[in-house]
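Please read the structure below before turning to the comments.
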Amino acid sequence: MKWETVIGLEVHTQLATQSKIFSGSSTAFGAAPNTQASAVDIALPGVLPVLNKGAVECAIRFGLAVGATLNRVNVFDRKNYFYPDLPKGYQISQLAKPIVEHGALKIVADGEEKTIRITRAHMEEDAGKSLHEDFHGMTGIDLNRAGTPLLEIVSEPDMRSSAEAVAYARALHTLVTWIGICDGNMQEGSFRVDANVSVRPVGQQEFGTRREIKNLNSFRFLQQAIDYEARWQIETLEDGGRIQQATVLFDPDTGETRMMRSKEEAHDYRYFPDPDLLPVRLDESWIEAVRAALPELPAAMQARFQREYGVSAYDAAVLTGSRALAAYFEAVAQKSGQPKLAANWVMGELTAALNRSELDIAQSPVSATQLGALISRIQDGTLSGKLARQVFEGLWEGAGEVDAIIAARGLTQMSDAGELETIVDAVLAANQKSVEEFRAGKEKAFNALVGQVMKASRGRANPAQVNDLLKTKLQ
Amino acid sequence: MSLSTDDVKRIASLARIEIDDTQAQATQAQLNTIFGLIAAMQAVNTAGIEPMAHAQEVFQRLREDAVTEADHRDAFQAIAPAVENGLYLVPRVIE
């Protein structure tokens, strides 16, 4: 039997605000335990939450960016459960009337474009952290994270492979960092993914029973966890077993998922509207101001790059991987006037060097202006591709500006015809065997001679000129 | 709708309230009186009326996004039963 995997994702994005969603405590990462936990965050009796305007604005920005409906009136609810890192005994979240509903995000997976529907996105507060290391048989609680604003973004079960799920998660990650509502730091937990996975025979309309994989904090784990889970479900069904609805955890060490709790043990959260918080109203003027301040979005920029710079759809997608990368490319393209060369250098030499040094584009030792100047020198014939790479190395090492490096290292292409002729004559004299072979009809011998001339000129000769001169001499 | 004693015990367990059978039966009777009240209200025709999330027709006031809280950890932890290295200690929880 042929099986189809069905995946929906729930993504928790930590909103990039200065202060918490319901208190004036700092949200900065890495502070000493409980030094950023106020009376509201630790739930002392008598305190009241006051909603952070910045968090609401982040949610509006997201809703606009995915073309969603913004609920002009939205409501906070209490989600009740007991856990020591949730001091109130409930999490403030949004259930019946979330701020964002019915959006969509375009992805490209396996070369095909697809639209993933976004069911909803709602604001909520994060819990604290439990440290299970042994404190005399007790658990340590750090409430610095308690009350940090989150936007939980829920997709429809529109994905059919782990590749599509990863493409969606990546597109979402790019978007939330692009519009500045989340720092995207997955190690620090700013972007956490839960995956709902089920399988069904190809052609069947109804969905299979799903299991939810919790808290995946890298794209690689997301892919591995879904692949393992789907295989496990198919094997279980083919062996005559049944899938029970459950929550599972992924273990990166074994690459397997294991049950955390079954549906019978599932929480009964007893949601109800939070009487401490009034409904939130979004004014049209506020929404319009947020819309006006939105940057050009990745999809629009990809279309423009293809139109204005003539780069391929694939290249446009790579170049808009982040806002910083897109801005860098555009600066290089404009400075050099050579957008295609700029795209090749940014995605090739520059990206490779950044990856080798584990640097982000924002930390690049070579500025966009410098790379633009380098490309101009390729375009005007001063540098060959090979010499340009040497100049690039100089720029990377901080050896100065493009023209200074060219002068200091003698890297200009040879323009003096006399100097080139001397080299060609010497090479011909020293390689009589190749010359005879070429005259006997062996084309390969010609290439060997070109290589020798290039080598003797230490790469400075212009390959086109070498070709012409050799042909003339060998006639 | 009315509640069984088992419903009452389950709600008590979810709320971490310990009750014995006598208390459960007394609470069941009280809660069912409340359900009677709800049933009476549900007889009212509410067609065309927008559901309310709050008793008053007012909206949430918003705070500017700024850090206004200082660190009062020492004061808070002075009344905690057990602390170590700045952490609150609680009976061990492993899921």
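Nothing in this text is a laboratory measurement; each read-out follows from the coordinates by a stated rule. Because the structure is a prediction, the values reported are computed rather than measured. Here Cβ is always computed from backbone atoms with ideal geometry, including for glycine, and neighbour counts include all displayed protein chains.
Shape of region A:338-463 from its Cα gyration tensor (a ≥ b ≥ c, root eigenvalues): rounded if a/c is under 1.5, otherwise prolate when a/b > b/c, or oblate? All intermediate terms of the calculation are to be shown ahead of the outcome.
On the way: a/c = 2.88, a/b = 2.16, b/c = 1.34.
In terms of gyration-tensor shape, prolate.
Once the Cα atoms are used to define both axes, helix B:5-14 deviates from the longest principal axis of chain B by about 20 degrees. In chain A, the longest principal axis of the Cα atoms and the axis of helix A:162-178 are about 90 degrees apart. Across region A:118-167, Cα-Cα pairs more than 14 Å apart make up 68 percent of the total. I need the shape label for region A:143-227. Rule: rounded when a/c is under 1.5, else prolate if a/b > b/c, else oblate, with a, b, c from the alpha carbon gyration tensor. Verdict is prolate for region A:143-227.
Using the Stokes-Einstein relation with a Kirkwood hydrodynamic radius computed over Cα pairs, the translational diffusion coefficient of region A:387-441 at 4 °C and a viscosity of 1.567 mPa s comes to 94 µm²/s. Of the trypsin sites (Lys or Arg not before Pro) found in region A:61-141, those that fall in a DSSP loop while having at most 15 other beta-carbon atoms within 10 Å are A:ARG72. Rounded to the nearest 10 degrees, the angle from helix A:284-293 to the longest Cα principal axis of chain A is 20 degrees.
Counting every alpha-carbon pair across region A:296-409, the share separated by more than 17 Å comes to 51%.
Please state the relative contact order of chain A as a whole percent: Cα pairs under 8 Å, 6+ residues apart? Kindly include the intermediate steps, with their values, before the conclusion.
On the way: 833 pairs, mean separation 63.1, N = 475.
Relative contact order for chain A comes out at 13 percent.
For n ≥ 4 DSSP H runs only, could you compute -39500 (n - 2.57) per run for chain B, divide by its residues and tell me the 222 nm figure to the nearest 500?
On the way: 3 runs with 37 residues, N = 95.
Mean residue ellipticity at 222 nm (helix-derived): -12000 deg cm²/dmol.
222 nm [θ] for chain A, helices only, -39500 (n - 2.57) per DSSP H run of 4+, per residue, to 500?
Values: 16 runs with 187 residues, N = 475.
When only DSSP H runs of four or more count, the value is -12000 deg cm²/dmol.
Can you work out the FRET efficiency for the pair B:ALA82 and B:THR33, with r the C-beta to C-beta distance and R0 = 41 Å, to the nearest 0.05? Plugging the Cβ-Cβ distance into 1/(1 + (r/R0)^6) gives 0.45. Shape analysis of chain B based on the Cα gyration tensor places the equivalent ellipsoid semi-axes at 39, 29, 11 Å, largest first. A compact globular protein would have a Cα radius of gyration near 2.2 N^0.38 Å; the ratio found for the protein assembly as shown is 1.32. Compactness ratio for region A:3-286: Cα radius of gyration over 2.2 N^0.38 Å (N = residue count) comes to 1.03. The Rg/Rh ratio of region A:417-474, with both radii computed over alpha carbons and Rh defined as the Kirkwood radius, is 0.93.
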